[in-house]
Structure formats: structure tokens, C-alpha cells
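All remarks here apply to the structure that follows.
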Amino acid sequence: MTTHIKQMAVEIERLLDQNEWHLAIPLLKQVAAEGDPWGDYMLGLAYHYGQGIRRSRKQAEKWYRRAAVRKYDSAILNLGLLFATSRPPRYAEAFKQFRQAAQLGNRNAMYNLGLYYELGRHVNPNRRTSFRWYKKAAELGDDESQCIVGYCYHEGVGVKRDNKQGIYWYRRSARAGNPAACYNLGLSYRDGNGVRQNLKQALEWFKRGVELGHEEAKQRLEEMARDYIACKP
């Protein structure tokens, strides 16, 4: 970015922090006009989700493509998401974009490749390949992928079963605020599956899951409370 574009970017970020997209749009168009891929990408976002401007998938694709030509990985990822949610879904094109973004190090694209190989979208289902992509995303800090990797290790899906690794990845994901990982840790401590049984730890993780909105964690917490009351002399 040039100094001029950096100054505009600061103002744009200030406006976006205040959710004033309609005021940021003219500035983004100036940034894009000067050939900066960030401006192209942000305009793509605005059109994609109707932020400060009328929603247009056609315009979103146009601006994402401009940024994608300059190897802007987030724009390439969002092109894939745009194709995946079109009617009908354009899974082949989406897969191509996710693969390209993943090669540029985009962890969300890696997660999507894991999902595509898991579900068999455009490719034959392959749990081992799916696991490998989820693991790559998990190592880069994607909490959803971390939870999935924990499950795969815990249940031996796409990889040799390893309870220690399963708990490790559940814990990383849970500490990042993933509700499903909190729930899975609660189950593990309640049942002594992969860890020494510890009902206090189970309660703590179920409570954390409830705080994050996990409905099944709420049910398990209520069950444990009923069991406690029933066991009281």
C-alpha cells in the first residue's frame, strides 16, 4: 500500500468499526481504483453481503476476481463460497477456488477442502484426505477444524485412533471458545473416555458449553444435576 492508500485504509477501518459501510464505500472505490487488492476484496464483501450497498452476487464476483488475480487469498476463498452457495451450487468451481486459496495458506479454505472430501462434494469421499486438510487448518488455529481433528483422533476416523491427541485437540479448540469442543471434553471427562474420569471437570466443560450456546451441553448438565439429587441421602 502507498502512504495515501494507508491513510484511506485507516479511515475506512474507523468507519467499518462504527458499522458505517455506506460512508466507507466511496473510499473503498478509490482504493480499488488505484489497483489495491484489499479495496477490491472489501468491495466484493460489501456487494456479497449487502453492506452499505445493494446486494449483488454478480458485482461481488467481479470484485473478488479482481483481487484474486493478485493472489489475495481471502478473495479467492470468498469466490469459492459464492460459487458454493449459488443456485444450483457450483461445487466444481468452488473446490478449485478453495484449493488455490489453501495453497496460499488460507486456513478457512483448508477447512472447506476437508469438508468437501468428507461429504464428497465434487470429489469422491475420502476421510483420510479430509482429515489431512482439517489438520492443516487446525494447526493454523481454526477452532472448528481443531474440534473435528479431536473427534477424528478420538473415534479413529480417517486416522489411527489416539485418545491423547483427541483430548489435546478438543482442549485447544475449547480454549478458543468452540462450544462443540467444550461439550466433547465434558463427555470425555464424564465417561472417562481418553482421560481419567473427573465429574468436576465434566461439569465445568458442560457449563462452558452452555455459556457458548450448546444445547446438548445444557441437557447433559441437567442430567448430571438430576443424578446428583437422586444420589443424595
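The modelled label-to-label distance between Glu211 and His4, using points 7 Å beyond Cα along the C-beta direction, is 5.0 nm. Each listed q (0.08, 0.12, 0.17 Å⁻¹) maps to a log10 I(q)/I(0) for the chain, found by the Debye formula over equal Cα scatterers with no solvent: -0.42, -0.81, -1.12. The C-alpha radius of gyration of the range 44-91, expressed as a fraction of 2.2 N^0.38 Å, stands at 1.06. Ranked by the mean number of other Cβ atoms within 10 Å of their residues, highest first, the peptides 121-127, 186-192 come out as 186-192, 121-127.
What does a probe at His22 reach in the range 41-66, counting residues whose amide N is under 15 Å from the point 7 Å along Cα→Cβ? Only 50-55 fall inside the zone, counting backbone N under 15 Å. A cut-off under 12 angstrom between Cβ atoms defines the neighbours of Lys6, and their net charge, with Lys, Arg +1 and Asp, Glu -1, is -4.
Of the trypsin sites (Lys or Arg not before Pro) found in the range 48-93, those in coil by DSSP whose Cβ has at most 12 other Cβ atoms within 10 Å are Arg54, Arg55. Of all lysines in the structure, the ones whose alpha carbon falls short of 18 Å from that of Lys200, not counting any fewer than 8 places away in one chain, are Lys218, Lys232. Checked against a 26 Å cut-off, the cross-linked pairs Lys62/Lys96; Lys58/Lys136; Lys58/Lys96; Lys6/Lys58 give Cα-Cα distances beyond that limit for Lys58/Lys136; Lys6/Lys58.
If you take all other residues with their beta carbon under 12 Å from the beta carbon of Ser74, and give Lys and Arg +1 and Asp and Glu -1, the sum is +1. Taking the square roots of five times each eigenvalue of the Cα gyration tensor of the range 163-230, the equivalent ellipsoid has semi-axes of 19, 15, 7 Å, listed largest first.
For the range 4-135, the equivalent ellipsoid built from the Cα gyration tensor has semi-axes of 30, 15, 12 Å, listed from largest to smallest. In this simple spin-label model, placing a label point 7 Å from the Cα along the Cα-to-Cβ direction at both Arg54 and Lys96 gives a separation of 3.0 nm.
Evaluate the charge dipole of the chain about its Cα centre and quote only its size in Debye, nearest 20, assuming +1 on the Cβ of each Lys and Arg and -1 on the Cβ of each Asp and Glu. Intermediate values should be presented prior to the final figure.
Details: 38 positive and 25 negative charges, 138 e Å.
For the chain, the charge dipole is close to 660 debye.
Evaluated over the Cα positions of the range 83-125, the convex hull gives a direction-averaged projected area, one quarter of its surface, of 2.7 nm².
Extension gain for Arg226 to Glu11 (0.36 nm times residue separation, less C-alpha to C-alpha distance): 71.9 nm.
Computed from the coordinates by the stated procedures, all read-outs in this text should not be read as laboratory data. Remember, predicted model here, so these are calculated numbers, not experimental data. Every residue, glycine as well, gets a Cβ built from its backbone with ideal geometry; the counts of neighbours run over all protein chains shown.
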